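Q: First the structure, which I've put down as structure tokens, then a few questions once you've had a look.
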Amino acid sequence: MQVDPRVSARIARRSQAIDGLFRTFCAVCTWTGIAILFLLIGKIVYEGFSGLDMGFLTSFPSRHVERAGLKAAIMGSVWLMGIVALFAVPVGVCAAIYLEEYGKAGRVSNFLETNISNLAGVPSIVYGILGLAIFVRTMHMGNSVLAGGLTLALLVLPVIIVSAREAIRAVPPGHRTASYALGASKWQTTWKVVLPSALPGVLTGVILSLSRAMGETAPLILVGAASYIASTPASPMDRYTALPIQIYDWASRPQADFRDLAASGIIVLLVVLFLMNAVAIFLRQRFLSRLKG
Amino acid sequence: MKILRLLPLAAILAFGCGESGPTTSIRIDGSSTVYPISAAAAEDFGLVNPGVSVAVSYSGTGGGFKKFENGETDINNASRPIKQIEIDRAAEHGIEFIELPVAFDGLSVIVNPKNDFIDYLTTEELKAIWEPGSTVGSWSQVRSGWPDEGIELYGAGTDSGTFDYFTEAIMGESGACRPDYTASEDDNLTITGVAGDTNALGFLGFAYYVTSKDLVKVVPIEGEGRDEPVAPSSETIMTGTYFPLSRPLFIYVDADAAERPEVDSFVRFYIENAPVLVPESGYIQLPASAYDLVLKRFENRVTGSVFGGGGATVGVSIEDILAREAAE
């Protein structure tokens, strides 16, 4: 059948127009996200930049805006991250090794896998309630930085396990068989061959989950982080506050000056998170190039 | 693998960074309304007593009492008197308390500044709007002559003493309130909501209204049996003419904890400096003579509540508190 050339030209023009429209639409979607992000950051920097100085980082909180600082919050967050790293990293990485290297495919490992993936999606406030019941009340840790750190460790554990498993799975099976062929035991293979190759991925997962723990507010409020405290923890059993808690406290004060101070706090938190992500990228690149070389 | 070996070291470093901290600590929780006063007291106390760490949190008056009853905190901030059930639960855990009024607060009813028809509200009108099962959905249903525009309601969440007090004062029963309003534990959100909504009506603590006078408009309230509406101000709250939406604020001190020297000196510091700290935090201080009586009450370790476990008590003026203090 002969198609009228005018008709086919019209169809071609129309589909070209739709193509163009769709392309523009997708581009607008992409830039909307980025524009909103920049708008937010721009607003925060505009409001909070003037409040940033050394005194802001080294003073305790105060009701006088010019004297208020983040010292207690920064030290509290450092303690929290230390505790999270100390507990979540070994447990998470070992669990990933077990599931990938030792666990046999079967009902039990299916059951474990499904649960760990589901845990990664549980809202953080639920971990807060768990931490309150187990660490604060049952184990009598009270509102200590240890209880807060352990709660956050539980929170990021599934993320660490999932990302470490993916990194371990990405190690080519040939490396393992080559290692066995040379007479290495399973332990030697895992420790000397699999883990070093998987390390960039594992570290990236660890640092990204630490940054997530860094920004959490809800579970810490439940396990009793202090809103006002003028001391830094000296032992794991001491009271503490954390960066997002301090920011939340300032943002909810009636005076507008404190809301600007909250913006300054957000800048500090963003810079810390940005640095942590940069370290993750740096480590990944370094290890990748070393592995290739 | 070098990096992996460095991880524990980094963790140890992180632990080591803490300076040698204070040896004794005081734990305070409770009302977010009283929180700014207690945090201010903690700050100034810390300047002269660097050896004591005072940690102040907020989880609402009721939430705070739950921890106080378990002996988890030394002092509870409260924006209403303790309830009988809270007294009972504390007694089960062998906890006695010293009740100390520290300031006065007024609840403010606010509307959007563009709202030009509202001149005042009576407590009956407020009740009609807020009571459980209320079907009031537009201004014309509140008072004839007002426009037929929908009312958007904003207010404090159910965990706050502000909510308890508002419902007690307006509905006559603590906790009785229609559920379909925008509730928040953070009074700033109420301000933001009302400032951005021409048809909004909200209630919140006086301190939050005072710092946002340019964003919202306060509504004078005509109390039941009063003949003219009164707007909240330092004078009207202190003299009790702003009725029934002004209330006393308290701290409850664990009687055992009060025997610890650091708690004892903190509470004394708190009461002695309240005339400065309270107005700085946006509230109304008691008269100097009242603070003398409060201090005496603490020194004599008078336990129990003068309110008989009634919870939120409406229309308590400073004179009332003084009279109850003097009667003991």
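The values are calculated or read from the model by the stated rules, or taken from the named source; none is laboratory data. These numbers were taken from a predicted model, which means no experiment stands behind them. So basically every Cβ, Gly included, is an ideal-geometry build from the backbone, and we count neighbours across all protein chains shown. Quick note on the areas: whole protein, heavy atoms, side chains included, nothing else; ligands and nucleic acids left out. Shrake-Rupley method; radii C 1.70, N 1.55, O 1.52, S 1.80 Å.
Q: For the range B:74-192, please list each of the strands (runs of 3 or more DSSP E) lying entirely inside it that holds at least 2 residues being open to solvent by less than 10 Å² (accessible area, probe 1.4 Å).
A: Passing ranges, in order: B:75-78, B:97-111, B:152-156.
Each row is one residue, and each column tells you yes or no for (1) open to solvent by 60 Å² or more (accessible area, probe 1.4 Å); (2) modelled with pLDDT of 90 or more.
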residue	(1), (2)
B:Tyr209	no, no
B:Pro220	no, yes
B:Arg226	yes, no
B:Ala231	no, yes
B:Met238	yes, no
B:Ser246	no, no
B:Phe250	no, yes
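Q: Quick one: is A:Ser197 within 30 Å of B:Asn49 (Cβ to Cβ), within 13 Å of another protein chain (Cβ to nearest Cβ), open to solvent by 10 Å² or more (accessible area, probe 1.4 Å) and small (Gly, Ala, Ser)?
A: No; evaluated as a whole, the condition is false for this residue.
Q: I've got another one for you. Scan the range B:264-304 residue by residue and report those that are acidic (Asp, Glu) and either within 14 Å of chain A (Cβ to nearest Cβ) or open to solvent by less than 50 Å² (accessible area, probe 1.4 Å) (or both).
A: Of everything in the range B:264-304, those that are acidic (Asp, Glu) and either within 14 Å of chain A (Cβ to nearest Cβ) or open to solvent by less than 50 Å² (accessible area, probe 1.4 Å) (or both) turn out to be B:Asp264, B:Glu280.
Q: Could you give me the residue pairs with C-beta distances under 9 Å whose first residue belongs to the range A:235-261 and is in contact (Cβ under 8 Å) with a residue 24 or more places away in the chain and among the small types (Gly, Ala, Ser), whose second residue is part of a loop (DSSP other than H, G, I, E, B) and buried (at least 24 other Cβ atoms within 10 Å of the Cβ) wherever it lies, and which are 6+ apart or on separate chains?
A: Once the first residue is in contact (Cβ under 8 Å) with a residue 24 or more places away in the chain and among the small types (Gly, Ala, Ser) and sits in the range A:235-261, its partners that are part of a loop (DSSP other than H, G, I, E, B) and buried (at least 24 other Cβ atoms within 10 Å of the Cβ) give A:Ala242/A:Ala225.
Q: Considering only residues of the range B:139-174 that are in contact with a Pro (Cβ under 8 Å, 6 or more places away or on another chain) and of a type in the set (Gly, Ala, Ser), which is nearest to B:Glu185 (Cα to Cα)?
A: Looking at the filtered set, the residue picked out is B:Ala169.
Q: Just to be sure, is B:Tyr209 in a helix (DSSP H, G or I), of a type in the set (Ser, Thr, Tyr) and under 16 Å from the mean Cα position of the chain (by Cα)?
A: Spelling it out, B:Tyr209 is indeed in a helix (DSSP H, G or I), of a type in the set (Ser, Thr, Tyr) and under 16 Å from the mean Cα position of the chain (by Cα).
Q: Then there is this: List every residue pair whose Cβ atoms lie under 9 Å apart, where the two residues are 6 or more positions apart in sequence or sit on different chains, the first residue falls within the range B:137-159 and is in contact (Cβ under 8 Å) with a residue 12 or more places away in the chain, and the second residue, located anywhere, is among the charged types (D, E, K, R) and part of a helix (DSSP H, G or I).
A: B:Val142/B:Glu125; B:Arg143/B:Glu125; B:Ala156/B:Asp164; B:Ala156/B:Asp187; B:Thr158/B:Asp164
Q: If B:Gly60 satisfies every condition in (1) facing chain A (nearest Cβ under 9 Å); (2) in contact with a helix residue (DSSP H, G or I) (Cβ under 9 Å, 6 or more places away or on another chain) but one, which is the exception?
A: (1)
Q: I've got another one for you. Taking the options B:Ser144, B:Ser233, name whichever one is closer than 20 Å to B:Ile37 by Cβ and either over 15 Å from the mean Cα position of the chain (by Cα) or outside the structural domain of B:Leu121 (by TED's automatic domain parsing) (or both).
A: B:Ser233
Q: Here's another thing I want to ask about it. Quick one: which of B:Val278, B:Val263 is in contact with a strand residue (DSSP E or B) (Cβ under 8 Å, 6 or more places away or on another chain) and within 15 Å of B:Ile98 (Cβ to Cβ)?
A: After ruling out the rest, the residue left standing is B:Val263.
Q: For A:Val89, indicate whether it is in a helix (DSSP H, G or I), touching a residue at least 24 places away in the same chain (Cβ under 8 Å), open to solvent by 10 Å² or more (accessible area, probe 1.4 Å) and of a type in the set (A, V, I, L, M, F, W, C).
A: Yes: the conditions hold for A:Val89.
Q: Hey, could you check the range A:222-277 for residues that are open to solvent by less than 10 Å² (accessible area, probe 1.4 Å), outside any helix (DSSP H, G or I) and of a type in the set (A, V, I, L, M, F, W, C) and say which is nearest to A:Ile129 (Cα to Cα)?
A: Per the criteria, the residue is A:Val223.
Q: For B:Gly46, indicate whether it is buried (at least 21 other Cβ atoms within 10 Å of the Cβ), modelled with pLDDT under 50, at the interface with chain A (Cβ under 8 Å from one of its Cβ atoms) and under 37 Å from the mean Cα position of the chain (by Cα).
A: Criteria not met by B:Gly46.
Q: Which of the residues spanning the range B:22-40 are facing chain A (nearest Cβ under 10 Å) and of a type in the set (Gly, Ala, Ser)?
A: B:Ser25, B:Ser32, B:Ser38, B:Ala39, B:Ala40
Q: For the range A:44-62, name all the residues that are away from every other protein chain (no Cβ under 14 Å) and either surrounded by 12 or more Cβ atoms within 10 Å (Cβ to Cβ) or aromatic (Phe, Trp, Tyr) (or both).
A: Passing the criteria: A:Ile44, A:Val45, A:Tyr46, A:Glu47, A:Gly48, A:Phe49, A:Gly51, A:Leu52, A:Gly55, A:Phe56.
Q: Separate question: When you look at A:Ala72, is it modelled with pLDDT of 90 or more, within 14 Å of chain B (Cβ to nearest Cβ) and touching a strand residue (DSSP E or B) at 6+ places or on another chain (Cβ under 7 Å), yes or no?
A: When the stated conditions are applied, A:Ala72 passes them.
Q: Select, from A:Val65, A:Val84, A:Val78, the only residue that is open to solvent by less than 70 Å² (accessible area, probe 1.4 Å), within 14 Å of chain B (Cβ to nearest Cβ) and more than 17 Å from A:Val145 (Cβ to Cβ).
A: After ruling out the rest, the residue left standing is A:Val65.
Q: Could you list, in sequence order, all residues of the range B:252-263 that are in a helix (DSSP H, G or I), of a type in the set (Asp, Glu) and either in contact with a Lys or Arg (Cβ under 8 Å, 6 or more places away or on another chain) or buried (at least 19 other Cβ atoms within 10 Å of the Cβ) (or both)?
A: Hit for the range B:252-263 is B:Glu262, nothing else.
Q: Right, something else. Residue check, A:Ile36 against (1) open to solvent by 40 Å² or more (accessible area, probe 1.4 Å); (2) within 23 Å of B:Ala42 (Cα to Cα); (3) more than 14 Å from chain B (Cβ to nearest Cβ), all met but one. Which one?
A: (2)
Q: Looking at (1) among the aromatic types (Phe, Trp, Tyr); (2) open to solvent by 20 Å² or more (accessible area, probe 1.4 Å); (3) assigned to a strand (DSSP E or B), can you tell me which one B:Phe203 breaks?
A: Exception for B:Phe203: condition (2).
Q: Any idea which of (1) open to solvent by 50 Å² or more (accessible area, probe 1.4 Å); (2) farther than 28 Å from B:Tyr35 by Cα; (3) of a type outside the set (Asp, Glu); (4) free of Cβ contacts under 8 Å to residues at least 60 places away in the same chain is the one A:Leu208 doesn't satisfy?
A: Single failed check for A:Leu208: (4).
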